[in-house]
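Just below is one structure, and these are the notes that go with it.
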Amino acid sequence: MAKKVIKIGNLINTCWSIRNLDDESAPIEKLTFAENGLFKSSLYPLIAFARNDLDKKYTWKLNDKLITISYNSGYMIKTGKINDEFNLIEEGRYENKKGLKGKWVGKLLDESNKRAISKIQNSLMQQNVDKTKIFRCSLLQYIRNKVKEDLNKQTYKETVSHKQADWIEINKTIVRVEDVDTNADNYNPEETEIIEVCLGDILEVWLYDIKSHRGSIFTQYINTDDLEDWMDTSKKVSIKEIEEWINSSIRSLYHYFEEEIYLDSDDVGDIYLQIQYPNFSLKDLNPDWDDDEYFLDDEKLENFINDII
């Protein structure tokens, strides 16, 4: 049997979830292989990913089935082997220049996303036929899109100690605004510096995979099954009622983030996130939803949860 070889061209523009096998609490990384041996990641580089740019310090190469991924000019190296089905990266190992080592696994996302996108598109096509009807599957998808967009826009600066910044940088996704020389004679870890926080980066793990333990937080607070009063599909619901439910649900989700998720926690105290609460109209979610009232379908969340992306 001829030896199966994975070609570089097969990897370009594919998207993978990267999971740390040694630390279940570590954020799941979303990585896309680009042309010219570059890649973008939900974790590195921070600002470049938000702008959808590519950084030449973040590279990948393929030798037969062996993939090598280099972060920040070789500060950390990940290696792994792509399986014959081209949907898993196995035997993953990583090591950084400080000697931190561990194991990881990668999973191809594209195929599952194609099915999910197809279902969302089908529901939207149905809505184009009946402009007075909103499908719960589409409603939840649009809310999810808007929440991600809103949190990616919410950035702010926070003053923390160098010591806190060191810990946050290792465990969270932030930008250190100031250039701090830890080897300087006058370096004091208790002195302060400014960091820049993007809520979309910090909360990525709670929004990325809606079916994971953390991602399910989203549907705990924004669940279309809660719309029990609207199960009668023969009656229209006013746009005001729909918007009140949307914004109340989003506020509950943001309140959870505000109360339960923090940048750092030590003997000095907890550093909580600074979250602004939005107020969206139905038209903000989808410009075509501009009528005064709509019919809603009665499909249960369990029937389409796997199709939300």
### Summary
Subset of the range 218-236, residues part of a helix (DSSP H, G or I) and at pLDDT 85 or above, comes to F218, T219, Q220, Y221, T224, D225, D226
### Query
Of the residues that make up the range 70-78, is at least one more than 23 Å from K172 (Cβ to Cβ), surrounded by 12 or more Cβ atoms within 10 Å (Cβ to Cβ), at pLDDT 85 or above and of a type in the set (F, W, Y)?
no
### Task
For the range 79-92, state whether one or more residues are surrounded by 13 or more Cβ atoms within 10 Å (Cβ to Cβ), closer than 19 Å to V205 by Cβ and modelled with pLDDT of 85 or more.
yes
### Meets criteria (over 17 Å from Y262 (Cα atoms), touching a residue at least 12 places away in the same chain (Cβ under 8 Å) and surrounded by fewer than 16 Cβ atoms within 10 Å (Cβ to Cβ)) for E178
yes
## Note on the structure
From the option list E243, E258, single residue qualifying as surrounded by 13 or more Cβ atoms within 10 Å (Cβ to Cβ), free of Cβ contacts under 8 Å to residues at least 60 places away in the same chain and farther than 30 Å from D270 by Cα is E243
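The values are calculated or read from the model by the stated rules, or taken from the named source; none is laboratory data. For clarity, every value in this text was computed on a predicted model and none was experimentally measured. Cβ atoms come from the backbone with ideal geometry, glycine included; neighbour counts cover every protein chain shown.
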